[in-house]
Amino acid sequence: MNLLSRPILQISTIALIVGTISLALSLGRGAADTVPEGPVLATELKNLSEFQSIGDVSDRSRALFAEAAKVLTHPRCINCHPVTRMPTQGDDMHPHKPFMNATESGIGAAGIACSTCHRADNTTIVGSQIRSVPGNAHWSLAPSSMAWQGLSVGEICQQLKDPKRNGNRDLAKIHSHVTEDHLVEWAWHPGEGRRPAPGTQAEFGALINAWIETGAECPS
């Protein structure tokens, strides 16, 4: 190879990489989920005091988890827990655009990593119908062992408790995860154009803690 041609090739390669990233970001912006006239979603969580009248502790535990499941089954959470390894978007959980078929390493179609479009913070887009792109420093799909889409609340509960399927977490670590993890926190701060998960992260964590203290029973 002519040594004089190497700088030209290097410049061309850099230009190609930059162009690919710009295209991916553009597609990602078009993919962000907006607030449609879709399904009616819960916006609040019951206070713990509302469960004290349930005398049977096991029944109370199941009721607490069912209430917490309003968060677990909300589109802000469940869009990133797909069975197919293909994320969904929006309150109606439509297929991700651009098309992504993620692997455990978080790499999607054409070698595009989630972080190509999903930055460390939500990215607001001014003057567009798509008002923002979701962002978090650890943005990624949940592992396949934590796929929730299509499962009942009871099945999600059993999966959440199982160390073989929850990232080797005991119940105390599950509580820490849902109350302290910044990616979980995103569900209540999803950026312009998205409905947040119901209640607050603190209220959700309190429900999970009360569920654990009453025996971590699962709905049938």
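The values are calculated or read from the model by the stated rules, or taken from the named source; none is laboratory data. Please read all numbers here as calculations on a predicted model, not as lab measurements. As a convention, Cβ positions derive from the backbone with ideal geometry for all residues, glycine included, and neighbour counts pool all protein chains shown.
Of all residues being touching a residue at least 40 places away in the same chain (Cβ under 8 Å) and touching a strand residue (DSSP E or B) at 6+ places or on another chain (Cβ under 9 Å) in segment 44-93, which is surrounded by the most Cβ atoms within 10 Å (Cβ to Cβ)? Just the residue, please. Only one residue fits best here, namely CYS80. Go through segment 122-139 and give me each residue that's in contact (Cβ under 8 Å) with a residue 60 or more places away in the chain and part of a loop (DSSP other than H, G, I, E, B). Answer for segment 122-139, where residues must be in contact (Cβ under 8 Å) with a residue 60 or more places away in the chain and part of a loop (DSSP other than H, G, I, E, B): ASN122, ILE125, SER128, GLN129, ILE130, ARG131, PRO134.
Could you tell me whether ASP33 is crowded, with 17+ Cβ neighbours inside 10 Å, of a type in the set (Asp, Glu) and modelled with pLDDT under 90?
Numbers: crowded, with 17+ Cβ neighbours inside 10 Å: yes; of a type in the set (Asp, Glu): yes; modelled with pLDDT under 90: yes.
Yes: the conditions hold for ASP33.
Residue count for segment 181-212 satisfying the condition of being farther than 22 Å from SER144 by Cα and part of a helix (DSSP H, G or I): 13. Here VAL178 fulfils each of the conditions (1) closer than 14 Å to CYS77 by Cα; (2) in contact (Cβ under 8 Å) with a residue 60 or more places away in the chain; (3) in contact with a helix residue (DSSP H, G or I) (Cβ under 6 Å, 6 or more places away or on another chain) apart from (2).
The residue of segment 146-167 that is modelled with the highest pLDDT, among those that are of a type in the set (S, T, N, Q) and under 17 Å from the mean Cα position of the chain (by Cα), is GLN159.
The set of residues in segment 140-162 being out of contact with any Lys or Arg (no Cβ under 8 Å at 6 or more places or on another chain) and either closer than 18 Å to GLU192 by Cα or assigned to a helix (DSSP H, G or I) (or both) consists of VAL153, GLY154, GLU155, ILE156, CYS157, GLN158, LEU160, LYS161. When you go through (1) loosely packed, with under 13 Cβ neighbours inside 10 Å; (2) farther than 30 Å from ALA210 by Cα; (3) free of Cβ contacts under 8 Å to residues at least 12 places away in the same chain one by one for ALA113, which number turns out not to apply? All conditions are met except number (1).
The condition (being surrounded by fewer than 16 Cβ atoms within 10 Å (Cβ to Cβ) and modelled with pLDDT under 95) is satisfied by just one residue among THR124, THR200: THR124.
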